[in-house]
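Notes to accompany the following structure.
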Amino acid sequence: MDRMNGKVAIVTGGARGLGGAAASALAAEGARVVVADVLDDAGRAKVDEITAIGGTARFAHLDVRDEDAWKRMVEDTVEGYGCIDVLVNNAGITLPRTIEEATLEEFRHVMDINLYGAFAGMQAVLPALIARGSGAIVNVSSNSTDMIVPTTTYYAASKAALANLTKTTAVHVGLKGYGIRANSIHPGPHATDMLADPEVAELPHIKMMRDTVPLGRFGRPDDFAQLVVFLASDESSYITASEFFIDGGLTRVSYPGVRG
Ligand SMILES: NC(=O)c1ccc[n+]([C@@H]2O[C@H](COP(=O)([O-])OP(=O)(O)OC[C@H]3O[C@@H](n4cnc5c(N)ncnc54)[C@H](O)[C@@H]3O)[C@@H](O)[C@H]2O)c1
């Protein structure tokens, strides 16, 4: 359990769900972890959970839309832990709407968190990674980049843009010789609060996916977390600008559209 020994990792949306599982897994492999979230109580509880089993973690209140908060968190992290090695841009929201139901205001809200929040994070953390001479960025996209369903108007657009932002960043930092890598993870449905939201859980395509996934189940948070550890660790040192689907094969199955 030492694949992340000596490394410092920031996980946004780290208080619960997939980000919470990633924070725990990174800490279990020896990383010092910053759990960054808007949920103070859940974030502190996650830190307590990690420290109770001998890990090292701290909580930072962070709204990923707030550039000043990013700056403060980066400064605090470098002051407290000495460096930053890994940024996991995991914070994200979904608001299921078709194009007919959608509003520009809601669209901007989702883009602000899912896309511009990750952008702000990469810009804020990059100088620390460059100073370190190495680093890994893991951006959490979605299989909705490739699996098109009608209610993901905002979400699929934000996650597809995030995947390409990851690649432009990866190629830039690669060519600069900074020793930094960036990849995106594209989860299919995983059992978290996001999926437990009745508005999401009852969507016809979610029910159909549950029956269709080739590996016979939705993802568990730890499935996702182990992929984060791999992409954050030196085990993936020749992997950059790549998309990783973790969905039990679901995206490769043709989805029959539901009329109505
Ligand atoms: N669960 C799934 O099935 C699934 C599938 C594909 C992609 N994803 C992506 O995985 C990531 C995590 O999803 P999850 O299922 O764990 O969701 P979740 O709702 O359980 O957790 C999301 C976390 O992000 C935090 N967050 C939201 N807005 C924030 C903000 N402005 N600033 C800081 N933190 C904020 C929340 O407080 C929460 O802790 C998201 O980016 C999501 O889009 C999830």
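The values are calculated or read from the model by the stated rules, or taken from the named source; none is laboratory data. Model, not experiment: these values are computed from the prediction. All Cβ positions, even for glycine, are placed from backbone atoms using ideal geometry, and neighbour counts span all protein chains on display. In case anyone asks, the SASA skips ligands and DNA or RNA and just uses the protein heavy atoms, side chains included. Shrake-Rupley method; radii C 1.70, N 1.55, O 1.52, S 1.80 Å.
Some notes on this structure:
- C-alpha center-to-center spacing [the range 52-75, the range 124-181] in angstrom: 19 Å
- Stretchable slack from ILE93 to ASP197, in nm (0.36 nm times residue separation minus alpha-carbon distance): 36.3 nm
- Cα-based shape type of the range 100-215, given that a ≥ b ≥ c are square roots of the gyration tensor eigenvalues and the cut on a/c is 1.5: prolate
- Averaging 1/r over every pair of different alpha carbons in the range 60-131 and inverting the result gives a Kirkwood radius of 13.4 Å.
- Value of relative contact order over the range 8-247, rounded to a whole percent, pairs C-alpha under 8 Å and six or more apart: 21 percent
- Pairwise Lys count, the chain - Cα closer than 22 Å, eight or more residues apart or different chains: 5
- Residue among THR166, GLY17, ALA91 farthest towards the positive dipole end of the chain, charges placed on Cβ: THR166
- Accessible surface, per residue, of the range 27-121 when the full set of protein chains is kept, probe 1.4 Å, Å²: 50 Å²
- Of all accessible heavy-atom area on the range 8-247, the percent that carbon and sulfur account for (1.4 Å): 53 percent
- Cα-based values for the chain, radius of gyration first and Dmax second, are 17.6, 56 Å.
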